[in-house]
1. Could you calculate the FRET efficiency of residue 191 with residue 375 from 1/(1 + (r/R0)^6), where r is the beta carbon distance between them and R0 is 41 Å, rounded to 0.05?
2. Need the list of aspartates and glutamates near residue 284 for cross-linking: C-alpha distance under 15 angstrom, and skip anything on the same chain fewer than eight residues off.
3. If I model the stretch 134-216 as equal point scatterers sitting on the Cα atoms and use the Debye formula, what is log10 I(q)/I(0) at q = 0.20, 0.27 Å⁻¹?
4. Give a quick list of GluC sites (Glu not before Pro) in the stretch 268-371 that DSSP marks as loop, anything other than H, G, I, E or B, with at most 13 other Cβ atoms within 10 Å.
5. Principal axes first, then extents: for the Cα atoms of the stretch 246-286, list largest minus smallest coordinate on each axis, whole Å, largest first.
6. Using the structure shown, select from 98/135; 303/339; 188/222; 117/357; 199/289 the pairs with a Cα to Cα distance greater than 20 angstrom.
7. What is the extension gain from residue 255 to residue 300, computed as 0.36 nm multiplied by their sequence separation minus the C-alpha to C-alpha distance, in nm to one decimal?
8. Find the centroid of the Cα atoms in the stretch 128-185 and in the stretch 307-376, then give the distance between the two in whole Å.
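The values are calculated or read from the model by the stated rules, or taken from the named source; none is laboratory data. These numbers come from a predicted model, not from an experiment. Neighbour counts run over all protein chains shown; Cβ positions are idealised from the backbone, glycine included. Heads up: the accessible areas ignore ligands, DNA and RNA and are worked out on the full protein's heavy atoms, side chains in. Shrake-Rupley method; radii C 1.70, N 1.55, O 1.52, S 1.80 Å.
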Amino acid sequence: MKAVSFSPGNHCNLKLQKYPIKQPTLANPIHFDNHQNQKPSNKKHHFPSFSIKASKTPQTPLTKYPNTPPLVVVGSANADIYVEIDRLPEEGETISAKTGQTLAGGKGANQAACGAKLSYPTYFVGQVGEDAHGKLITEALKNGGVNLDCVRNLSDVPTGHAVVMLQPDGQNSIIIVGGANMSCWPEKLSDEDLEVVRKAGVVLLQREIPDLVNIQVAKAAKSAGVPVILDAGGMDAPMPPELLNVVDIFSPNESELARLTCMSTESFEQIGQAVVKCHKMGVKQVLVKLGAKGSALFIEGEKPIKQTIISAARVLDTTGAGDTFTAAFAVALVEAKTKEECMRFAAAAASLCVQVKGAIPSMPDRTSVLHLLQTV
């Protein structure tokens, strides 16, 4: 996948919007053969809203799971404008698309939708505009069971969107317009803003929102002992060392790893050498998504953990597959599975994702993932 991004100026008005949600049902915990199933923490958590003091009204916590620390995704929400094409246009060329449609997406929203679809209590922290695209995204997340108490509406900035050029083999090229994702975040988040992060079971970040937001969120999580997973996808810009130093797991794909380290990643040996450079930058665990070659988790000082792909019956659309993998890994991690189990669960979820068009619409449910794991 290739992506480029654009973002508007930093001016807006903020409104905090409450949305009713459908609660997930944690009916089928992840079970693996030959391993004891471990329970999430029994520590009680209360989940206040992520706000900029835009409202004095208390937000509704996920009371259905008072003892379950949630998955908290801080990140982007985009309207994905899909165009199906036979090939990419040449420079200066105009071509016709076979079909086109607009679906909810964005790396943050994708990962939140996946967490909820996998029946784990999930918060999304992000920003949308007061427009049709914003409504499309919030409706999709709400219907999927994601808690939206922490979503901000911006009245003067449009919702982020992306043009997804989908080719017959399921591969895609993407152009991103940052919109609300890149605008109007406060320079300093307050303790009240960050409380939901400190009460999380795991925090997921990506790079489709400003690095300064990610840094503050990661530091708050680290101070509370909450693990942080940073997906490298998003802006094509140098990675701030201050951010890498406070994340627990850094998750790039091959091309993102190559850009970050300025090293070749064509072979597994080269990938390992690039990961060593990441270790030197401050991150101890690197989870590399290798597309059709599977994935590998490199923990500093240990032997890499490899996971092959779980073959899909057909590949219709790879959009959102990486987000599905990362979110599924996070869900298994917060449910106290081993790293090997986390990777296997994530591989199964990604395999199901690529068989359906669209990002959020393709996210698999827990029952489907567990069924696939029983058959391979």
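1. Values: r = 47 Å, r/R0 = 1.16.
My answer for the efficiency is 0.30.
2. 231, 242, 248, 300, 302
3. -1.21, -1.44
4. Working: sites: 269, 300, 302, 335, 340, 341; in loops: 300, 302, 335.
Here the GluC sites (Glu not before Pro) that fit, given the DSSP loop and packing criteria, are 300, 302.
5. Principal-axis extents of the Cα atoms in the stretch 246-286, largest first: 28, 15, 15 Å.
6. Beyond 20 Å between Cα atoms: 98/135; 199/289.
7. Here the segment from residue 255 to residue 300 would lengthen by 14.1 nm.
8. 22 Å
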